[in-house]
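Asker: Below: one structure in structure tokens.
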Amino acid sequence: MKVSLLNKILLGIEIVPTIFLLLLSLVILVVTKSVYLLTLVLSILSMISLIYIVVKTLLNSAGTIKNRFIYLAHVGVVITVLGVLVLVVDGNGLKRLSPGIPFSAFSFGLVACLPYFHVMIVNNFFVSKKTTGTP
């Protein structure tokens, strides 16, 4: 699938904060001994898969992306959105529960939702491929 130049430029700009978020998550992974290790590892894997999907899209080879990378990107967005919702609903209670963890990373994680939705729409990953069977 051919991607327009405007989409390539926008995706190139949008991926930069995702790379910074990945680096921030790696630093948090090294520094903390948290109970949220599984969430952090899933977030890191989903950001890597999102970066992979964007790079494949920029190289016009989105047709060769395996489904597991798409599903990992979906998991990352779900984790980010749920984390932001928890912060909005009971951010102070969560902060009292475990004060050493920087939960504000979830709000910065919303920046990663922009390239996620952009690349999913450009590659038509939200469109289900229904087969038409002959009776």
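The values are calculated or read from the model by the stated rules, or taken from the named source; none is laboratory data. Keep in mind it's a predicted model, so treat the numbers as computed, not measured. Virtual Cβ from ideal backbone geometry, glycine too; neighbours counted across all protein chains shown.
Asker: Out of curiosity, is residue 69 aromatic (Phe, Trp, Tyr), at pLDDT 70 or above and in a loop (DSSP other than H, G, I, E, B)?
Answerer: On the way: aromatic (Phe, Trp, Tyr): yes; at pLDDT 70 or above: yes; in a loop (DSSP other than H, G, I, E, B): no.
The answer is no for residue 69.
Asker: Tell me, yes or no, whether region 120-133 has at least one residue that is of a type outside the set (Ser, Thr, Tyr), touching a Phe, Trp or Tyr at 6+ places or on another chain (Cβ under 9 Å) and modelled with pLDDT of 85 or more.
Answerer: For region 120-133, residues of a type outside the set (Ser, Thr, Tyr), touching a Phe, Trp or Tyr at 6+ places or on another chain (Cβ under 9 Å) and modelled with pLDDT of 85 or more: present.
Asker: Right, next: Is it the case that some residue within region 60-82 is over 16 Å from residue 120 (Cβ atoms), in contact with a Phe, Trp or Tyr (Cβ under 9 Å, 6 or more places away or on another chain), of a type in the set (A, V, I, L, M, F, W, C) and surrounded by fewer than 16 Cβ atoms within 10 Å (Cβ to Cβ)?
Answerer: Yes, because at least one residue in region 60-82 is over 16 Å from residue 120 (Cβ atoms), in contact with a Phe, Trp or Tyr (Cβ under 9 Å, 6 or more places away or on another chain), of a type in the set (A, V, I, L, M, F, W, C) and surrounded by fewer than 16 Cβ atoms within 10 Å (Cβ to Cβ).
Asker: Follow-up. If you scan region 1-28, which residues turn out to be among the small types (Gly, Ala, Ser) and assigned to a helix (DSSP H, G or I)? Please lay out each step first, then the result.
Answerer: Step one: list which residues in region 1-28 are among the small types (Gly, Ala, Ser), which gives 4, 12, 25.
Within region 1-28, 12, 25 qualify.
Asker: Looking at region 38-59, is at least one residue out of contact with any Ser or Thr (no Cβ under 8 Å at 6 or more places or on another chain), at pLDDT 85 or above and not in a helix (DSSP H, G or I)?
Answerer: Yes, region 38-59 contains a residue that is out of contact with any Ser or Thr (no Cβ under 8 Å at 6 or more places or on another chain), at pLDDT 85 or above and not in a helix (DSSP H, G or I).
Asker: It is to be established whether one or more residues within region 86-96 are among the β-branched types (Val, Ile, Thr), in a helix (DSSP H, G or I), surrounded by 15 or more Cβ atoms within 10 Å (Cβ to Cβ) and at pLDDT 70 or above. Spell out the reasoning first.
Answerer: Going residue by residue through region 86-96, those that are among the β-branched types (Val, Ile, Thr) are 86, 88-89.
Imposing the further condition that a residue be in a helix (DSSP H, G or I) reduces the set to 86, 88-89.
Of the ones still in play, those that are also surrounded by 15 or more Cβ atoms within 10 Å (Cβ to Cβ) are none.
No: zero hits.
Asker: Could I ask something else about it? Would you mind stating whether residue 75 is at pLDDT 85 or above and closer than 20 Å to residue 21 by Cα? So that I can check it myself, show each step before the final result.
Answerer: Working: at pLDDT 85 or above: yes; closer than 20 Å to residue 21 by Cα: yes.
Against the criterion (at pLDDT 85 or above and closer than 20 Å to residue 21 by Cα), residue 75 qualifies.
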